[in-house]
């Protein structure tokens, strides 16, 4: 079984949370699953990086910002791979371009054009967990690109599609998809299952649990997304075509 898991920034906010995610991944690997992990930058790292860049160049420089911001996910990938390795499971971290993720050249808001999964398949065949930096890829010109805020979700779904994965799991700080923000509205109702179309409507109305492009990509490739809490172990929400 091939499983793609994505961990958001809150899920990796400190060493303890990285360790918890690594324990989950290592458990799957010990059961014989092949696992590809996609990671976001830790906590508020991206916001902090943007603020630092603004002090030096308030006007911004799109190409250089992408090269700079991609480092946040790369740091998470290295830490996660080390945590998994410390548990006795071989792991390797890959940048977006090492993972074969090719995008257009729209810096700051690039779209994935294709993925060459050869490197990932080679590492999986060698018995390793593959930890991929989300949110990033490479243009035809060889420049680092980023996919926009929330783009690690899209990285995970794209990898699941190109690798023909059996499962695509998005771990976040809420235990599924709700009809409204459960952190603000205690009476919010969690969906056990929701269609791609309804999920996209929720995103249009402000829901931030998934990146809109990840849902579009899942719909177009028939990928079932499982939205799960990184903390509670609750069943979560399935995003899929509804029969």
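FYI, it's all coordinate maths here, none of it is from the lab. Keep in mind that what you see is a predicted model, and the values were worked out from it rather than measured. For neighbour counting, all protein chains shown are included, and Cβ atoms are generated from backbone atoms with ideal geometry for every residue, glycine included.
Tabulated results
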{"item": "Residue-averaged 222 nm ellipticity for the chain, from DSSP H runs of 4+ at -39500 (n - 2.57), nearest 500", "result": "-12000 deg cm²/dmol"}
{"item": "Whole-number percent relative contact order across the chain, with pairs defined as alpha carbons under 8 Å at least 6 apart", "result": "20 percent"}
{"item": "For region 22-151, radius of gyration divided by Kirkwood radius, i.e. Rg to Rh on alpha-carbons", "result": "1.02"}
{"item": "Computed Kirkwood radius, in angstrom, where 1/r is averaged over Cα pairs of region 2-240", "result": "17.8 Å"}
{"item": "Net length gained if the chain between residue 180 and residue 116 were fully extended (0.36 nm per residue, minus Cα distance)", "result": "19.3 nm"}
{"item": "Listed peptides 181-191, 65-75, 205-215 by packing density, highest first (mean Cβ within 10 Å)", "result": "65-75, 205-215, 181-191"}
{"item": "Per residue convex hull volume, Cα atoms of region 109-240, in Å³", "result": "117 Å³"}
{"item": "Highest-MSF residue in the chain out of 195, 139, 40 [GNM, Cα springs under 10 Å]", "result": "195"}
{"item": "Principal axis dimensions, largest first and in whole angstrom, of region 177-231 by Cα", "result": "34, 25, 16"}
{"item": "Calculated FRET efficiency for the pair residue 232/residue 71, C-beta based, R₀ 35 Å, to 0.05", "result": "0.70"}
{"item": "Calculated FRET value between residue 126 and residue 31, using beta carbons and R₀ = 25 Å, to 0.05", "result": "0.90"}
{"item": "Approximate spin-label separation residue 82-residue 216, in nm, with each point projected 7 Å along Cα-to-Cβ", "result": "3.7 nm"}
{"item": "Label point distance in nm, residue 173-residue 19, each placed 7 Å from Cα along Cα→Cβ", "result": "2.1 nm"}
{"item": "Gaussian network model of the chain, springs between alpha carbon atoms under 10 Å - residue of 223, 203, 120 with greatest fluctuation", "result": "203"}
{"item": "Alpha carbon centroid spacing (whole Å) that separates region 175-194 from region 7-54", "result": "23 Å"}
